Structure formats: C-alpha cells, structure tokens
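A.B. asks: Let me begin by handing over the structure; questions about it come next.
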Amino acid sequence: MIDKMTKMTEVIKMHPDALKVLADFGLNCAECSGAKHESIQQGAINHGIDVNELLKKLNELFS
C-alpha cells in the first residue's frame, strides 16, 4: 500500500501504470529529478493536488 510518505520513484517502480495515474494529476515524475526525493505528500503539496485523492487512485492500482 502506498502512503503519504512513499517516495515518487518507489511508486513508479511498484506498478507499471503508476506513471499514468501521476500524469493524470499533472505530475510528470518520469522527467523530474525531484521525484527521487519527494514523497507523494510533498509532490501533491508542491503541485496543489489533493493528496488523499491521489493516494486513492494510486492504491486502486493494487486492488
């Protein structure tokens, strides 16, 4: 399960469709060097995204 503190790059490694979900929220993590250091929460805050909605969509990949 992905939580707020999971790093962006970890999410990308966990599921092949994670990049699409992130992109749907306007996050181009594959091209961002900050993805190595940013948690899901930090990325959401930095981009004005509802972290809970993002987490919901990412965790749906595993259900």
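A.B. asks: Would you kindly derive the ³J(HN,Hα) couplings of the stretch 52-63 from the backbone phi angles with the Karplus curve 6.51 cos²θ - 1.76 cosθ + 1.60 (θ = phi - 60°), listing them in order in whole Hz, with x for Gly and Pro?
C.D. replies: Once rounded to whole Hz, the list reads 5, 5, 4, 4, 4, 5, 5, 6, 4, 5, 9, 9.
A.B. asks: Give the residue from ASN28, MET8, ILE45 lying farthest towards the positive end of the charge dipole for the chain; charges sit on Cβ (+1 for Lys and Arg, -1 for Asp and Glu) and the dipole is referred to the Cα centre.
C.D. replies: Value: MET8.
A.B. asks: Same structure, new question: About the Cα centre, and with charges only on the beta carbon of Lys, Arg (+1) and Asp, Glu (-1), how big is the dipole of the chain? Nearest 20 debye, please.
C.D. replies: Charge dipole of the chain: 140 debye, to the nearest 20.
A.B. asks: Let me ask you something else. Kindly give Rg over Rh for the chain, based on alpha-carbon atoms, with the Kirkwood expression for the hydrodynamic radius.
C.D. replies: Here Rg/Rh amounts to 0.89.
Quick note: the coordinates plus some simple rules give every number you see, no bench work behind them. A quick note: this is a predicted structure, and the numbers were derived from the prediction, not measured. Cβ coordinates were reconstructed from backbone atoms using ideal geometry, including for glycine residues, and neighbour counts include every protein chain displayed.
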